[in-house]
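Asker: Okay, here's the structure, questions in a sec.
The values are calculated or read from the model by the stated rules, or taken from the named source; none is laboratory data. It should be emphasised that the depicted structure is a prediction, and the values quoted were computed from it without experimental measurement. Note that we place each Cβ from the backbone using ideal geometry, even for glycine, and neighbour counts take in every protein chain shown. Heads up: the accessible areas ignore ligands, DNA and RNA and are worked out on the full protein's heavy atoms, side chains in. Shrake-Rupley method; radii C 1.70, N 1.55, O 1.52, S 1.80 Å.
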Amino acid sequence: MKVTLDVTAGPNTGERFIFTESDTFLVGRSRKAHLRLNKKDDLFISRTHFILEIRRNICYITDINSTNGTLVNDKRIDRAELHDDDEITIGNTKILVHIDQDDTQRYHYVFCSACKENVDHEVDESVPQNEREFMAYTCRSCRALEEERKVSKKHTDSHKHYTCVSCNTDMTDAANYDGRAAEFEDSIYLCTNCEWKWRTKTPTFEAGDAYVVLSIIGRGAMGTVYKVVEVNTRRVYALKRVNIDGKKNSSGLKLFAREMEIQSRLNHKNLIKYLDRGEAGNMPFLVSEFMPGGDLGKLIKMTLKGPLPPQYACKIIIQVLNGLQFIHLNGYVHRDLKPSNFLLNRAYTDTGLTIKITDYGLAKSYEEAGNSLYDFTQTGTFGGSLMFLSPEQITNYKFVKPPSDIYSVGVSLYYMLTAKYTVKYPPESSRSGKKWRHPLDMVLEDAPIPILERNKDLPDALAAVVDKSVTKDEYKRFQSASEFREALCEAIDGL
C-alpha cells in the first residue's frame, strides 16, 4: 500500500510525504513532529496534534486530544480509518490523502524461517507472488536438523512422574504422549475427571479437537488469552486469540502465521515457548506454555498492591535481560515489553523462580497485519500500557532498534520498584475534570521523574542505573541488554 499526503492549504502548502511501508507520522508544533507547524503561522495547532499509523493495508488517524480538534472531511474525529481522497483539516492546514492499494509489482523473496537464508532457489517458480510473500518456508538443511532434534527428544527421562494438579492422579503416560514432557518442567496437568472444576461459565469458543478451553486469563490490545488443556497430553497451555479478522484481512492472517512460525524457533529459558497455532471463528490463535505464577503486572497491582523489594525486582529484570539479549541477537526487537508480558513459572514466594518473556514477535506481526498497538479508549483501558512505549517507536517507527526495548525494560523496573510510571499517569487533570491528556503526548513530551523522588530508600547506584535506562534520548540509554544487565549487577552487588 502506498500513502501520499499533500499539504494543500496553510503555511506548509506544497509539502508532500510518501509512505510505501509501515510507518508513523506525527503532526504538531513539537520538535519531534514529522510535519512541524509553527504557532506563529497557525494559532490553532497543538504541540502534538494528531498521529497517522500507516500499516500494510490500512491507515489510521488519531487525534492526540488537541485543543481545537482534528477534522476528516469536515467531521471532528478522535480516531478513524483514512481512505483515498480523504481531507484532513487542523487549524488553517489541510492535507489531502491519497491511498493506492496496488502492490502487485513487488517481487517477494523467500527466506528460511529457521536460518533466515535466502532460499528462493528451493521454491518452485510457479508459486505466485501473493503466496511467496507469506510463505513460512524451512530449507532442506534445517528440516534435516529438525528431524534429528525430534528423534533425540524421544529419549526423555522415563523415571519422572507427573500428576494431576487437582487430584494427584498419575498423569505420566499422558504427559509423555508427545515425548516432550521433559521440555515443560514447569507445566501442570489436568485429568479428565477434574476438567469440569476448572471450566468457568464465561462464554468461550471452540479451539478445535486438540484443546478444551477452560477459562479466560486476560484481555489486552492484541487479543484475549485463555487457559486450555490439550486433549492428548492433558498439559495446561495458554492460548491467545488475536484480533485479526481473517475474512476482512486474509493477508494479515497469512503474515501472522508466517511470523509465528519463525518465532516458534527461538528457544531460550527466559522466553515462552510457542507450540502451535490455528484459527477459530476467522481469527488466528497461538498456543504457548502456561506459567502458573501469572504475570508481574498483576503481582504488583493486585497481589502486593505496591512495589517489589529492590533485590527481588533486579533479579527478575536480569532474567528478562537475558531473554531479551537472545531476542536481539536473533535480529528481533520485541516492541511491547511491560510487566504483563513477564510471566512467572511459580508463586513469587517460591524458590527457583523463572521469568519468561511472552509475545515476542507478536507486536510487530500484529502491527504489520494492519492493526494498531495504539488502539485504546479515552478512559485509559490500554493507556497504562503505552507508558512503557519508547518515544522513538512513535517518531522513528521504521527504524526501531534494541535501545527501544531497553527503555521499556527500564520503565518496567521503575514500575516494579515504585508501583508508579515514570510520568504522572493518570494525570491530575483527568481526575479533576480538566482537560484530559493523551498518553502518547505524555510519552513524547514529559521528562521522566527521577526514581528517588518516587522511592527515596533506593540505593543511589541502583537509582542511577534505572534513571539512565528510562531517559527519553535513546543514545544516552544503555545500548544493549548485556550492558544494562552488567550495570544492574554491579549496582545491586552487596544488597
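Asker: Scan the stretch 220-252 for residues that are under 30 Å from LYS116 (Cα atoms) and modelled with pLDDT of 80 or more and jot them down. Please lay out each step first, then the result.
Answerer: Here is the first cut: in the stretch 220-252, the residues under 30 Å from LYS116 (Cα atoms) are 221-223, 225, 237-252.
Scanning the stretch 220-252 gives MET222, GLY223, VAL225, TYR237, ALA238, LEU239, LYS240, ARG241, VAL242, ASN243, ILE244, ASP245.
Asker: How about the stretch 137-162: which of its residues are modelled with pLDDT under 75 and assigned to a loop (DSSP other than H, G, I, E, B)?
Answerer: Those that are modelled with pLDDT under 75 and assigned to a loop (DSSP other than H, G, I, E, B): LYS154, HIS155, THR156, ASP157, SER158, HIS159.
Asker: Here's something else I'd like to know. Quick check on the stretch 201-211. Is at least one of its residues open to solvent by less than 20 Å² (accessible area, probe 1.4 Å), part of a loop (DSSP other than H, G, I, E, B) and touching a residue at least 24 places away in the same chain (Cβ under 8 Å)?
Answerer: yes
Asker: List, please: which pairs have Cβ atoms under 7 Å, are six or more places apart or on different chains, and start with a residue in the stretch 170-197 that is of a type outside the set (Ser, Thr, Tyr) and end with one that is part of a helix (DSSP H, G or I) and open to solvent by 10 Å² or more (accessible area, probe 1.4 Å)?
Answerer: Hits for this filter: GLY179/LYS153; ARG180/LYS153; LEU190/TRP198.
Asker: Give the residue that is farthest from the chain's Cα centre (by Cα), with candidates limited to residues of the stretch 1-13 that are part of a strand (DSSP E or B) and crowded, with 18+ Cβ neighbours inside 10 Å. Full working, then the answer.
Answerer: Filtering the stretch 1-13 for residues part of a strand (DSSP E or B) gives 2-9.
So of that shortlist, the ones also crowded, with 18+ Cβ neighbours inside 10 Å come out as 3, 5, 7.
On the way: VAL3: 25, LEU5: 28, VAL7: 33 Å.
Here the residue is VAL7.
Asker: Can you tell me how many residues within the stretch 266-313 are of a type in the set (Val, Ile, Thr) and under 30 Å from PRO459 (Cβ atoms)?
Answerer: Residues of the stretch 266-313 of a type in the set (Val, Ile, Thr): 272, 287, 300, 303.
Pick out the ones that are also under 30 Å from PRO459 (Cβ atoms) and you get 300, 303.
Residues that pass the stated criteria total 2.
Asker: Name every residue in the stretch 13-47 that is touching a His at 6+ places or on another chain (Cβ under 7 Å) and aliphatic (A, V, I, L, M), in order of residue number.
Answerer: To start, the set of residues in the stretch 13-47 that are touching a His at 6+ places or on another chain (Cβ under 7 Å) comprises 25-28.
Those that are touching a His at 6+ places or on another chain (Cβ under 7 Å) and aliphatic (A, V, I, L, M): LEU26, VAL27.
Asker: Could you tell me how many of the residues in the stretch 14-49 are part of a loop (DSSP other than H, G, I, E, B), free of Cβ contacts under 8 Å to residues at least 60 places away in the same chain and of a type in the set (Lys, Arg)? Spell out the reasoning first.
Answerer: Narrowing the stretch 14-49 to residues part of a loop (DSSP other than H, G, I, E, B): 14-15, 20-22, 29-34, 37-49.
Restricting the remaining residues to those that are free of Cβ contacts under 8 Å to residues at least 60 places away in the same chain gives 14-15, 20, 29, 31, 33, 37-46, 49.
Now drop any that are not of a type in the set (Lys, Arg), which leaves 29, 31, 39-40.
So the count comes out to 4.
Asker: Looking at LYS269, LYS247, can you tell me which residue is in contact with a Ser or Thr (Cβ under 8 Å, 6 or more places away or on another chain) and surrounded by fewer than 18 Cβ atoms within 10 Å (Cβ to Cβ)?
Answerer: Details: LYS247 fails: in contact with a Ser or Thr (Cβ under 8 Å, 6 or more places away or on another chain).
On inspection, the qualifying residue turns out to be LYS269.
Asker: Next up: Would you be able to tell me the number of residues in the stretch 49-76 that are hydroxyl-bearing (Ser, Thr, Tyr), out of contact with any Asp or Glu (no Cβ under 8 Å at 6 or more places or on another chain) and surrounded by fewer than 20 Cβ atoms within 10 Å (Cβ to Cβ)? Outline the logic, then answer.
Answerer: Keep residues of the stretch 49-76 that are hydroxyl-bearing (Ser, Thr, Tyr), which gives 60, 62, 66-67, 70.
Applying the additional criterion that residues be out of contact with any Asp or Glu (no Cβ under 8 Å at 6 or more places or on another chain) yields 66-67.
Narrowing the set further to residues that are surrounded by fewer than 20 Cβ atoms within 10 Å (Cβ to Cβ) leaves 67.
The total comes to 1.
Asker: I'd like the full set of residues that are under 25 Å from VAL165 (Cβ atoms) and not aliphatic (A, V, I, L, M), limited to the stretch 278-297.
Answerer: Residues satisfying the conditions are GLY278, PHE285, SER288, GLU289, PHE290, PRO292, GLY293, GLY294, ASP295, GLY297.
Asker: For the stretch 220-236, enumerate the residues that are assigned to a strand (DSSP E or B) and open to solvent by 10 Å² or more (accessible area, probe 1.4 Å). Can you show your working first?
Answerer: Narrowing the stretch 220-236 to residues assigned to a strand (DSSP E or B): 223-230, 235-236.
THR224, VAL225, TYR226, LYS227, GLU230, listed by residue number.
Asker: Residue check: is ARG258 at negative phi, in contact with a helix residue (DSSP H, G or I) (Cβ under 9 Å, 6 or more places away or on another chain), open to solvent by less than 10 Å² (accessible area, probe 1.4 Å) and basic (Lys, Arg)? Don't jump to the end; show me each part of the working.
Answerer: Details: at negative phi: yes; in contact with a helix residue (DSSP H, G or I) (Cβ under 9 Å, 6 or more places away or on another chain): yes; open to solvent by less than 10 Å² (accessible area, probe 1.4 Å): no; basic (Lys, Arg): yes.
No.
Asker: Right, next: Evaluate the following for GLU195: is it charged (D, E, K, R) and open to solvent by less than 50 Å² (accessible area, probe 1.4 Å)?
Answerer: yes
Asker: Based on this model, can you work out whether LEU96 counts as open to solvent by 60 Å² or more (accessible area, probe 1.4 Å), farther than 21 Å from PHE134 by Cβ and either touching a Leu at 6+ places or on another chain (Cβ under 8 Å) or outside any loop (DSSP other than H, G, I, E, B) (or both)? It would help to see each step written out before you state the result.
Answerer: On the way: open to solvent by 60 Å² or more (accessible area, probe 1.4 Å): yes; farther than 21 Å from PHE134 by Cβ: yes; either touching a Leu at 6+ places or on another chain (Cβ under 8 Å) or outside any loop (DSSP other than H, G, I, E, B) (or both): yes.
Against the criterion (open to solvent by 60 Å² or more (accessible area, probe 1.4 Å), farther than 21 Å from PHE134 by Cβ and either touching a Leu at 6+ places or on another chain (Cβ under 8 Å) or outside any loop (DSSP other than H, G, I, E, B) (or both)), LEU96 qualifies.
Asker: Just name the residue that is farthest from LEU329 (Cα to Cα) out of those in the stretch 481-495 that are in contact with a helix residue (DSSP H, G or I) (Cβ under 6 Å, 6 or more places away or on another chain) and touching a residue at least 24 places away in the same chain (Cβ under 8 Å).
Answerer: First, the residues of the stretch 481-495 that are in contact with a helix residue (DSSP H, G or I) (Cβ under 6 Å, 6 or more places away or on another chain): 481-482, 484-485, 487-488, 491-492, 495.
Still in the running and touching a residue at least 24 places away in the same chain (Cβ under 8 Å): 481-482, 484-485, 488, 491-492, 495.
Values: ALA481: 10, SER482: 11, PHE484: 15, ARG485: 15, LEU488: 20, ALA491: 25, ILE492: 26, LEU495: 30 Å.
The selected residue is LEU495.
Asker: Which members of the stretch 32-47 meet the condition of being closer than 22 Å to ARG16 by Cβ and open to solvent by less than 50 Å² (accessible area, probe 1.4 Å)?
Answerer: Of everything in the stretch 32-47, those that are closer than 22 Å to ARG16 by Cβ and open to solvent by less than 50 Å² (accessible area, probe 1.4 Å) turn out to be ALA33, LEU35, LEU37, ASP42, ILE45.
Asker: When you go through LYS247, LYS269 one by one, which is the residue that is out of contact with any Asp or Glu (no Cβ under 9 Å at 6 or more places or on another chain), among the charged types (D, E, K, R), closer than 19 Å to GLY361 by Cα and not in a helix (DSSP H, G or I)? Write out each step before concluding.
Answerer: Numbers: LYS247 fails: closer than 19 Å to GLY361 by Cα.
Step by step, each of LYS247, LYS269 is checked, and only LYS269 is out of contact with any Asp or Glu (no Cβ under 9 Å at 6 or more places or on another chain), among the charged types (D, E, K, R), closer than 19 Å to GLY361 by Cα and not in a helix (DSSP H, G or I).
Asker: Taking into account only those residues within the stretch 445-491 that are of a type in the set (Asp, Glu) and under 24 Å from ILE357 (Cα atoms), which is farthest from the chain's Cα centre (by Cα)? Give the steps one after another, and end with the answer.
Answerer: Of all residues in the stretch 445-491, those of a type in the set (Asp, Glu) come to 445-446, 453, 457, 460, 467, 473-474, 483, 486, 490.
Checking the rest, the ones that are also under 24 Å from ILE357 (Cα atoms) come to 467, 474, 483, 486, 490.
Numbers: ASP467: 23, GLU474: 19, GLU483: 23, GLU486: 25, GLU490: 29 Å.
Of everything passing the filter in the stretch 445-491, GLU490 is farthest from the chain's Cα centre (by Cα).
Asker: Ok, one more. State which residue is farthest from GLU81 (Cα to Cα) when the search covers only the stretch 366-386 and only residues that are at pLDDT 80 or above and surrounded by 21 or more Cβ atoms within 10 Å (Cβ to Cβ). Please lay out each step first, then the result.
Answerer: In the first step, residues of the stretch 366-386 are kept if they are at pLDDT 80 or above; the result is 371-372, 385-386.
Next, from what is left, pick out any that are surrounded by 21 or more Cβ atoms within 10 Å (Cβ to Cβ): 371, 385-386.
On the way: ASN371: 11, SER385: 22, LEU386: 20 Å.
The extreme case among them is SER385.
Asker: Turning to a different aspect of this structure: Consider the stretch 53-93. How many of its residues are closer than 16 Å to THR8 by Cβ, not small (Gly, Ala, Ser) and not in a strand (DSSP E or B)?
Answerer: Residues that pass the stated criteria total 7.
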